Structure formats: structure tokens, C-alpha cells
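J.: Let me begin by handing over the structure; questions about it come next.
The values are calculated or read from the model by the stated rules, or taken from the named source; none is laboratory data. From a predicted model like this one, the values you see are computed outputs, not experimental measurements. Note that we place each Cβ from the backbone using ideal geometry, even for glycine, and neighbour counts take in every protein chain shown. Protein only, heavy atoms only, side chains kept; ligands, DNA and RNA dropped before computing areas. Shrake-Rupley method; radii C 1.70, N 1.55, O 1.52, S 1.80 Å.
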There are 2 protein chains.
Amino acid sequence: MTTQEQLHQWHELAQQLRVDSIRATTIAGSGHPTSSMSAADLIAVLISKYLCYDFDNPHYPNNDRFILSKGHAAPLLYAMYKAAGVITDEELLSLRKLGSRLEGHPTPVLPWVDVATGSLGQGLPIGVGVALAGKYLDQLPYHVWVLLGDSETAEGSVWEAFDHAGHYTLDNLIAIIDVNRLGQRGQTELGWNTQAYATRARAFGWQAIEIDGNNLMEIDQAFSAALSINDRPTVIIARTKKGKGVVALEDLGGWHGKALKPEQEKKAIAELGGERHIIIQVDKPEQAKPATIANSQPLQLPIYEKGAKVATRRAYGDALKALGAARPDVIALDAEVSNSTYTEDFAEAFPERYFEMYIAEQQLVAAAVGLQVRQYKPFASTFAAFLSRAYDFVRMAAISRANIKLVGSHAGVSIGQDGPSQMALEDLAAFQAVWSSTVLYPSDANQTAKLVAQMSDRNGVVYLRTTRESTPVIYGADEEFPIGGSKVVHSSQQDQATVIAAGITLHEALKACDRLKNEDITVRVIDAYSVKPIDVQTLHQAARDTNGNLVVVEDHWSEGGLGAAVLDAFAGTSNTPIYNGPQLRLIKLAVHDMPGSGTPEELLHAAKIDADAIVEAVKSQVRKPIEASAKLYAER
Amino acid sequence: MTTQEQLHQWHELAQQLRVDSIRATTIAGSGHPTSSMSAADLIAVLISKYLCYDFDNPHYPNNDRFILSKGHAAPLLYAMYKAAGVITDEELLSLRKLGSRLEGHPTPVLPWVDVATGSLGQGLPIGVGVALAGKYLDQLPYHVWVLLGDSETAEGSVWEAFDHAGHYTLDNLIAIIDVNRLGQRGQTELGWNTQAYATRARAFGWQAIEIDGNNLMEIDQAFSAALSINDRPTVIIARTKKGKGVVALEDLGGWHGKALKPEQEKKAIAELGGERHIIIQVDKPEQAKPATIANSQPLQLPIYEKGAKVATRRAYGDALKALGAARPDVIALDAEVSNSTYTEDFAEAFPERYFEMYIAEQQLVAAAVGLQVRQYKPFASTFAAFLSRAYDFVRMAAISRANIKLVGSHAGVSIGQDGPSQMALEDLAAFQAVWSSTVLYPSDANQTAKLVAQMSDRNGVVYLRTTRESTPVIYGADEEFPIGGSKVVHSSQQDQATVIAAGITLHEALKACDRLKNEDITVRVIDAYSVKPIDVQTLHQAARDTNGNLVVVEDHWSEGGLGAAVLDAFAGTSNTPIYNGPQLRLIKLAVHDMPGSGTPEELLHAAKIDADAIVEAVKSQVRKPIEASAKLYAER
């Protein structure tokens, strides 16, 4: 039973959260006080009675998790941290200032924030990932609480989350929708039609509870009902007022993302009953033992015979299974194409560590982010082209400092007959432009296995691009391929040019190398399997050794891929050594025209990224000595 | 009433579609016959009785539209074209061959295909766009038919479409879900639970009809019911059997995306009753006059005074409104941030040509693709960071050869306090890596207006990046800014280095230029407002004139942005002229560390992309003459 005393305490706490949300934003001069105020009652009850969380030990396995999906209500989150006694009032008032941990939207620079939010519609799908970990891997009784805004339910990713949470009966997941009716520019699509939300949620297999989200008693009852169900997730659809508690703000337009001016602040705080100094003792979770995770075993990677023809996607599947046998913390996910990515072998061997995400790539990546919150090592795979569906999630994963491994198969025109919709031709560009990412593109099965092994403990967003077609094994199983390195596959003292390739085009480069040898042209061939970070030293050396003649060839659009990475290696930035050598004469071979269907060979040829094109490019370089171009320059 | 005779004819046609789907894939050696066979009855009834389409005149405004969202069932689509008499049997059998119009998944190289499909979950949101055009702009009685697979309903984008179609009461939109139960790797999430599909669809405001999708009578009744409703969209949930009609295939696993071998083909065709040679006369639409579209008026772009401080997003809003007044075919869409992108001015002036897409960026871009099917000129805007949510739709739009204009505001660290989740720092990379795209990044209000004017008739995916902060107007309203050009803002005969910037960093470059002048260092400043295509000639000239000393500065990650575009201008490809000049000594200034919150100035400084950083970079170049580096090279 909720006593009057409790209700009063909760009310006082909620008012403090409102006052502090206003104070922090007014001093910052920007931010979202009204979006914080609507949800203050929900948070007050949550932290007073329901949330089990050890603030001194944020990574404690038994902790509940709280994700503020409506990240713009960050002031409320920070006010909650202050109420929990873990940040000072002084720090609260540093909101949005340079160097403060209290950024405009929450990020994990704060130890209690598991994932960055602020791109709407991401908190719930990530919460699904954490809840999957809790229910199926940790097998611990903790709950995952996600506070959403109403506007963000327009994002399809939210419905991917509703769908998957229902499918996996995540009774440990509780979504709270703060239906304050007003979006950034006016009324949301559904306004206060909480019934519409409830009907939709129920259609996806959820318990849905409609409440007045500014009524503490109703909040209490709803949270209690959420905890008592054990066969499905719960969503609490909380009808609230934006700016609740201050008449000049309450349920009024034009107040989204706007801080109060000092004189407005003063009046508002008075109306809310003034500042308070409540510190809440948030309940710590009861101790419960996580499901025993077996110890790591020695890794026995698959081994391939030189000369055999093996697709790197096949080697990925084999290596992932081997990694799974050695590492109990490795988890695999796939978007209903596991028989193409070959994640199916892992799924068969370790069904308890495999999650089928169906054709929902946003949820796929979000689940990986959620799993790594609990320190698992998630490998998420689909066709490389379809990872583009989750690009915003990848971008945000970087801001979350998440450690996830993404594997995209069927890259490039070399997939052949299926046509351009299935061909990733922008993935190297997209993944390179992710903060602190690693981009790998192996050409051979043994190399793939060695890279997969390194991926598991590599921090950040790590992307592996695999190839559909079978290609010859060219490396011995004992060779090493450190991330950041490259392999000089062919070299001599007389090299006249260097061909830089990766993945499928490396095999074209090797063919071209053989053919050029017959014409007495010797070329160096570099396998740039680590596209980011790229092996700057080896590239510089090659440029120095081969008169600056470089040919880069890639199965990717001309923009942002391997060619761009190589060019970058020769541009001065604070991070790369300066190149000192003969003038660079670089030719980029990449895909320029929209491909259609055809055989892999036909399409590589049509795109001018096959051995023929490489031979031609090298010849054009070695036949045009530096002197000629220098002369041309002098003559202009 | 459906007569027995009709049913027999439809059955014969459906069997022909099955036989032809098998024949085309067997000779191709790959493809998806079984996914085609499940839906053959649906298509047979559709083209025999319901579809109104003039195959001789695919762009006829009154035509119904048919979108094969399950693009892998392309053989069925091509068999339908053969049955309609518009492709020959010979062409049918060219499926998936190099140069054939019949690609593995449909693309608009065929005149009757409006948009490419093959990335699942896109057909319905694009259909929403076409239906918006039909109901609200064309005001014509045509219908939009979309055939979906069951697996693809896991995509959130499908629920964005359900949501928006319900919201806009698109009674001219009919979705058909081919629930054949089997996905690529086994049973789909919902299997044959058609009730689950229906409950969900109804929750989003649709009429939902469950039928046996291999029962011709039930199909007929469902299509008829769909046409008779006038207050909401209809979805027909058709329970079917994959591989229907051939016992060895019917409802069996392991047959996704697999062609029959010739001996299997022979037996299957016999079981289906052999080849048939039916040609259907598809009904042409009744003539109806499109809503009158007013003539274009002279364009009166907004004019800004030099020296005034105006954000380019503000100028975008003004220019879009001006464009809307001049061009009745210009349409605007926004994802619930129109008061930040300033699309709200257009919305207010031309409410009948504005569509609120709420926070659903995939649907935002898909609607734009759908609108351009009907020759409208859609401008879709949101925060640049959130366009990453729709990257797969942009990728597919390029394959669709769609003409859409995307406008992203709030780019870069210079947005300030809101923090990294709101900062686009990868958009230039992502959009450059889209086939045939245009990427524009203005620095000034007059320039923005001139670029917006050019966007409306520019083909392909055209992206404009705008800035949150107000910046000084530096150009007169009479200056021209052709796409593909650049502006040399400052130059002299004595320039020792060139600074290349765009958008917000151009203003930092100009500050640096002034400061360097005080130290007797003269620099050229280039405004590279057209990032793609970039002005290669002007960059080459600058490199030749300034000893190869280039400094590129951009508010973007180091990868794939303006710096990459400039480097590319000096790499040899078939598309760029060869650079002949002094050795390039290029310094890229870009964002390397994850930003937090702060003032725009603080964050530009912290990222080392402000005037201070430019001054330092230029000094490091001009103080390190070429001879020194050449000496270093000789000494190594």
C-alpha cells in the first residue's frame, strides 16, 4: 500500500527533479527542461521504490539498467543522479559546459550511463539487447527500464524492439512512454491517444498499462504490475503534461528545447515550492549469482590448405564457431541470413548464445550494443549492403563507446547475378567514417580466421567485410595478420609500380602481377586487409621504392573506400607520418557505373577492377616516366 | 460474381507465371522460383481484373502503380510482363545475364519498374509516398499495390509505413503480404499466424483481410473489398505456400533462392500442366484529369545583405519557400523538426504541398522517392545526423535513379551544446559514397539560396548540408554558384599556401587568412561549396600556384569528407584530369576526437578546425620548404 507519507515524499522528490532540471538548463542557457518535467513523477517513484542499482558499482551484474531513450531529457537524468547523491549540485550546474560530464544528451563519460542516447528510437531496441542478456545469458533477475518519449514511437526501430521483445518474451523489460503530447514543433502524431499506443503494443505481445503519468499512485501501481508479470514485456503508457508543475509552461507549445530565462526560472521554482535537498538511498540489488560462464579454452582456428578455394564468408563462419568454442562470452546474431553469412554454424553449435534477429538490422545492431553493456562480445552479421539500414545505430554505438563486431557479407559487384540492391559498394566508406572504428577486409580464408580471432577483444566498432565468392587460399595457416598491418604479397628490387588491393581484388592483382611479369614489368602487390587503421609505413615504403607509382583497386564505389584510405596515408594529419618520397602518381580503380546482373567475372571486368584493368593502369604508369610529367609541368 | 470460367482462366495464368518463373531461373542458374510461385495466384487475379495500367505509357498519370517490395520474386514480375505482352519469351530467358534488363532484383532499367527493390521493407514506405501523391497532389483515382514478403514485416520501416498510411488515411494504398511462412533460412518469426499480422495492421488504422492466398476466389473478394473502402488503407494477409503447385517444392525448407536443375525443371513444369502462351490484355485506366498544377512563376530568391549574420539553415528555409512559390511541383517533407530546419516556412505557405513525416527518417526518404515517381520535386529535411537513419533508403534511391533532394541541418561540432548525438560528422562521407550523388555545403545565405534553386532540377540524390549557427553573409546576391564549381574567396600573386574550406570552416579560413596577412603570409582561400562534384581545375591551379601547399579544413570526421574529395581530385582516375605540378603537401584538418558539449567556438577550437589551427597548419607548410623535405628524402 502506498501511504500518504510515501506519496508526499515522492512528490517532494519529483518537484526537486523539476527544479533541478530548470536550474541546470537556465544556467546552461539551453536544454530541455519541459521534457524533463513531464517525466519527473515517473522517475521519482522509480528511484524511490523500484530501481535496484548500486551506484558505487555500476557494472555490478545484478544491477537493474535504466536507459533514457528520450535523451534530450538529460537534465532529469542528471537531477536523478544528484538525488541519488552521486553528483554534486555544482556538477549539476555544469550542464552543457565544455569538459563537463553532463553533456547535452547522456553519454557514457558518466559511469552510470551505459549507452549514449539522443538519436530517438534507439533506447528501446538497445534495452532489448540488455534484456536478452539478462534473461538468457546472465539469467539474473535484474530489470531493464527504458524511458521513451512519445514522438520517438514513430521510429520503426521502436517497433522492431516491440516485435523482438514480444518474440523473446522479455518479461524483464519495462518500457515507459512519457506521452506529454507535444513534440518539438507541435502535437505529436497520436497526441494523448494513449489507447492507440496500448493497442499497438498489445498487438506485438506486450502487457500495456495506461496511466496518468503525473499521478504518483497510478505510477506505483503500474510499476508494481510490470514487475509481477512473467510471460511478456510491459509498456506503461503515461499520459503526462510537458512542463508539468509550472502553469506558464504546462502543456504549452513553443517550449521544446528552451531554457527559462533567469526571471522565469525564479518564478517557476517558487511555484514548484523552491529548491530541495533530498538525497535518496537507491536500493541496491539483492545478490544473485550470474549463470556460470565457463572458462575460456584454447582457440583452435580452422586451417585451410593453400590453393583450396574458400569464400571468406565461409571462413568467417568456421572461425566464429571456433571462437565460440574457446570463448564463452562470444555471442552471435544475424538478420535471417545466417545460411548466407555462415553464422548458422555458430547457431547450431551454440544455440543458447545465438539470437535470431529476423530481417531487422536496426534491432540487430542495437541488440549487439545492448549485449556489450553486459560485457559480452557480440558478432552481428548480415549482407554488408543491409548494414546500411543500421547506420545511425552504428554512429551512436561509437558515441556509446560500444565494443561491437559487425560482419557484412556479399560485398561488391563480385556477388554477381543478384544485382546492385544486394551489393555493398559504400560500406567501407560508411564504416571508415565511424569514430574509432576498425575496418577489415580479408582476401583469404586463413587471414579471415586470424582477423576474426583478433576482433573479439578489439575495442570500438569493428567491421569485417567478407566476400561471397570462393577465392584461392594464398596464405599459410601459420602467418599472422595484425590489425593495422598489411601483407606484401609480391615484391622485388626492381618493382616499377605497386598494386594495392584487398579482398576479391587482391586475386585480380595477383593475376595482373603474373601477366605483367611476362612483359618484363615487375610490380609489388600489397594486401591491405586492414583498411582502417591502414599500414602507412608499408605504403610509404612502396611509394618510395616504386617511383610513386601506386594503383589501388577495390570492389567499392570510388568514394571513401580503400583508395581513400591510401590517399589519406599520404596526406599530412596529426596522426600520420609525413611522406617523403617521389611524387605520388596514384591511380584509383573502383566502381563508377551502376552495375547490373552478370557473372562475378563479367561484373569485375565491366567495372574495370579486374586483372585487365590493373595491367592497363600499371602500364600507363610505367610508360609515363616522372621526367615526362615534370617536363609537361615546366612547359605549361 | 466470379464464374468458373474466370477462375479457370486465372488458374491457367497463375500456372503460366509459375512455369515461367521456373524456366527463367533454371536457365539463369540462380534466382528465386519458389518465392515467385507462392504469389502467382495473387498476381494472376491482379493483372486479370484489378490492375489498371497502360503498359505503352508507363508514366501516364492515371496508371495504377505496382511495387514488388519482395524484389527477390523478380521472376514473377518478369513473367507478369511477359503475360502482359510487353517482353518476349526470349527476353524472359535472359534473366540475370549481363546486359539484360531483367536483373536479379527489379530496377528501373525496365520502363514499368518505378523503383528498385531488393532491400526488404522499402516497397511499402515508398508506396506510401506514391499514394500521398495520388490522394493529395494528383488527386487521381489510381491505386498503389504493393506486394510484400512476410519476412520483411520485421523491418521497422514497414511499421513506419503502416503508421503513416493510417495517419494519412491512404485508402488508395493496398498492401498484399505473401505469407508463405518460409524465410531464407527457415520459418519466419510469425509463420502462418496471419491473425498476428492482422491485429498489428488494424492497430495502425488499416483494414486487414486474411485470406488463403492460393485461393483465387478469396483473392478476388479481398481485392474487391480493398477497392470499396474509402477511409483507410487495406492490407491483404495472404496465407500461401512457397513453391505452390509443385509437390517437391511446396512448403519445404531449403528452397529459398535456389533454381531448379534442368531435370527438376522438366518434372515441375509437367506437374504444373506444361508451358502456356497466355497473353492478358491488362485494363487501361479510365481517363481522369489530374488536379490542375499551376504554371511555374519567376523565381524570386531571398536576398541577404553582406555582413548580416544568417544561418544557412535559415536561408534554406527562405529559399525553399521562394522555390515553392515559383514551382508548383516542389514538395517539402520533414521529420518533426521543421522549426529547426526551417522547412516550417514552406509548410505554412504551402500546407497542401507539405507532408509531416514525424520522427521516421526512413519513411521520410521513402516518401520522397515515392513522390518523385510522379515527377514531383521532393525536398526532405531533418538534422543531418538523423539522415543516417535512412542510409539504406538513400543507397536504394540511387539504384532507383530517383531524383530526390535531402537537406541535413545541424552539421558538425559547431552545433555546440547539444553534444555528439546531434552532430552529423559522417554525412559528407556517407552521401559522397552514393552513386551519382551531388553533395553541397554552402557557407553563406546567398550561396545557399542559389544552390537550393539549382537542386530542384538536378538529377539523382542531391544532398545539402546546412549549418546551425549564424554566419556572416560574404557574397553578394548577384553572384553565381554553379554546382561543380568553387569560389576563390581570396587570392594574390604571392599566395604561399591554399586553404580549402566549406560551410562553417570557410569563416575560420577567412579569419586565418587575415591573421596570416599580418605575419606577411598570404594564402589563397577556396570555398569548396560543391563537395561532389568538386572543382578539380581550381584545386589543381591552386596547388600549382602555391607550391603544392594545401590545407583542407572541415567540420567532419577525417574520413571521407571534404579532405577526401580534395585528395581524390589529385588521384588519377578515368574521370579526373592528371595533376601536373609541384608535389602535393596537403594537411587535413578535421575532427579526430569525440566531441562533447561546449560553445560552437570552444568545440571548433577543441577539434582543431578553427582559425588557430589553420594558422598553425599554414605556418608549418610555408616554413618547411620543399627543398628540406627533398633533402630528408635523399638522406634516408
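J.: Go through (1) farther than 24 Å from A:Trp159 by Cα; (2) out of contact with any strand residue (DSSP E or B) (no Cβ under 7 Å at 6 or more places or on another chain); (3) of a type in the set (A, V, I, L, M, F, W, C) and name the single condition A:Phe346 misses.
T.: Unmet for A:Phe346, out of (1) farther than 24 Å from A:Trp159 by Cα; (2) out of contact with any strand residue (DSSP E or B) (no Cβ under 7 Å at 6 or more places or on another chain); (3) of a type in the set (A, V, I, L, M, F, W, C): (2).
J.: Is it the case that A:Pro595 is over 27 Å from the mean Cα position of the chain (by Cα) and at the interface with another protein chain (Cβ under 10 Å from one of its Cβ atoms)?
T.: Spelling it out, A:Pro595 is indeed over 27 Å from the mean Cα position of the chain (by Cα) and at the interface with another protein chain (Cβ under 10 Å from one of its Cβ atoms).
J.: Against the conditions (1) without any contact (Cβ under 8 Å) to a residue 60 or more places away in the chain; (2) buried (at least 24 other Cβ atoms within 10 Å of the Cβ); (3) of a type in the set (Val, Ile, Thr), where does B:Thr199 fall short? Just the number, please.
T.: (2)
J.: For segment B:586-595, indicate whether the set of residues that are open to solvent by less than 10 Å² (accessible area, probe 1.4 Å) and not in a strand (DSSP E or B) is non-empty.
T.: There is no residue in segment B:586-595 that is open to solvent by less than 10 Å² (accessible area, probe 1.4 Å) and not in a strand (DSSP E or B).
J.: Sticking with this one: Filter segment A:142-163 down to residues that are under 25 Å from A:Ala288 (Cβ atoms) and open to solvent by less than 10 Å² (accessible area, probe 1.4 Å), then give me how many there are.
T.: Adding up the residues that qualify gives 5.
J.: Condition first: over 23 Å from the mean Cα position of the chain (by Cα) and part of a strand (DSSP E or B). Now tell me which residues in segment B:160-180 satisfy that.
T.: Selection gives B:Ile176, B:Ile177, B:Asp178, B:Val179.
J.: Turning to a different aspect of this structure: Counting only residues that are touching a Cys at 6+ places or on another chain (Cβ under 6 Å), give me the strands (runs of 3 or more DSSP E) lying completely in segment A:427-525 with at least 3 of them.
T.: Per the criteria, no element qualifies.
J.: If you don't mind, there's one more thing I want to ask. Report, ordered by the first and then the second residue, all pairs with beta carbons closer than 6 Å, sequence separation of six or more or different chains, a first member in segment A:590-613 that is in the same structural domain as A:Lys511 (by TED's automatic domain parsing) and among the polar types (S, T, N, Q), and a second member that is assigned to a loop (DSSP other than H, G, I, E, B) and at pLDDT 95 or above.
T.: Within 6 Å, the pairs are A:Ser597/A:Gln417; A:Ser597/A:Gly419; A:Ser597/B:Arg96; A:Ser597/B:Glu103; A:Ser597/B:Gly104; A:Thr599/A:Gly416.
J.: Output yes when any residue across segment B:384-395 is closer than 23 Å to B:Pro290 by Cβ and open to solvent by 10 Å² or more (accessible area, probe 1.4 Å), and no when none is.
T.: Scanning segment B:384-395 turns up no residue that is closer than 23 Å to B:Pro290 by Cβ and open to solvent by 10 Å² or more (accessible area, probe 1.4 Å).
J.: I would also like to ask the following. Taking segment A:135-174 as the search range and keeping residues that are hydroxyl-bearing (Ser, Thr, Tyr) and over 13 Å from B:Ile359 (Cβ atoms), which one is farthest from the other protein chains (Cβ to nearest Cβ)?
T.: This residue is A:Tyr142.
J.: Can you name the number of the only condition in (1) within 12 Å of chain B (Cβ to nearest Cβ); (2) of a type outside the set (A, V, I, L, M, F, W, C); (3) in contact with a Gly (Cβ under 6 Å, 6 or more places away or on another chain) that A:Gly370 fails?
T.: The failed condition is (1).
J.: Another one. For the condition open to solvent by less than 10 Å² (accessible area, probe 1.4 Å), within 27 Å of B:Leu425 (Cα to Cα) and acidic (Asp, Glu), what is the one hit in B:Asp535, B:Asp555?
T.: That would be B:Asp555, the only listed residue that is open to solvent by less than 10 Å² (accessible area, probe 1.4 Å), within 27 Å of B:Leu425 (Cα to Cα) and acidic (Asp, Glu).
J.: Output the residues belonging to segment A:472-492 that are among the polar types (S, T, N, Q) and crowded, with 22+ Cβ neighbours inside 10 Å.
T.: A:Ser486, the sole residue that qualifies.
J.: Moving on. With respect to A:Thr169, is the statement that it is of a type in the set (Ser, Thr, Tyr) and closer than 22 Å to B:Phe386 by Cα true?
T.: So A:Thr169 does not fit the description; no.
J.: Output the residues belonging to segment A:596-636 that are assigned to a loop (DSSP other than H, G, I, E, B) and at pLDDT 95 or above.
T.: A:Gly596, A:Ser597, A:Gly598, A:Thr599, A:Ala607, A:Lys608, A:Ile609, A:Asp610
J.: Evaluate segment A:256-270: report whether one residue or more is out of contact with any helix residue (DSSP H, G or I) (no Cβ under 7 Å at 6 or more places or on another chain), on the phi < 0 side of the Ramachandran plot, modelled with pLDDT under 95 and open to solvent by 60 Å² or more (accessible area, probe 1.4 Å).
T.: no
J.: Right, another one. Could you check segment A:298-396 for strands (runs of 3 or more DSSP E) lying wholly inside it with 1 or more residues that are more than 29 Å from A:Thr169 (Cβ to Cβ)?
T.: Counting at least 1 such residues, we get A:309-311.
J.: Something else: Residues that are within 21 Å of B:Gly245 (Cα to Cα) and outside the structural domain of B:Ala366 (by TED's automatic domain parsing): list the helices (runs of 4 or more DSSP H) wholly contained in segment B:1-114 that include at least 3 such residues.
T.: B:4-28, B:33-37, B:40-45, B:74-83
J.: Here is a follow-up. Step by step: first the residues of segment B:106-134, then only those that are of a type outside the set (A, V, I, L, M, F, W, C) and open to solvent by 10 Å² or more (accessible area, probe 1.4 Å), then the one that is nearest to the other protein chains (Cβ to nearest Cβ). Which residue is that?
T.: Per the criteria, the residue is B:Pro108.
J.: Kindly list the number of the only condition in (1) more than 8 Å from chain A (Cβ to nearest Cβ); (2) in contact with a strand residue (DSSP E or B) (Cβ under 7 Å, 6 or more places away or on another chain); (3) assigned to a helix (DSSP H, G or I) that fails for B:Gly563.
T.: (1)
J.: State all residues of segment A:62-85 that are buried (at least 18 other Cβ atoms within 10 Å of the Cβ) and either hydroxyl-bearing (Ser, Thr, Tyr) or farther than 20 Å from A:Ala175 by Cβ (or both); if no residue qualifies, say none.
T.: Listed by number, the residues that qualify are A:Asn62, A:Ser69, A:Pro75, A:Tyr78, A:Ala79, A:Tyr81, A:Lys82, A:Ala83.
J.: If you don't mind, there's one more thing I want to ask. From the list B:Gly191, B:Gly134, B:Gly183, B:Gly104, pick out the single residue that is more than 23 Å from the chain's Cα centre (by Cα) and touching a residue at least 60 places away in the same chain (Cβ under 8 Å).
T.: The match here is B:Gly183.
J.: Check B:Pro577 against each of (1) modelled with pLDDT of 95 or more; (2) open to solvent by 10 Å² or more (accessible area, probe 1.4 Å) and name the one condition it does not meet.
T.: (1)
J.: For the list (1) more than 13 Å from chain A (Cβ to nearest Cβ); (2) of a type outside the set (A, V, I, L, M, F, W, C); (3) surrounded by fewer than 20 Cβ atoms within 10 Å (Cβ to Cβ), I need the number of the one condition that B:Lys241 fails.
T.: (3) is the only condition that B:Lys241 fails.
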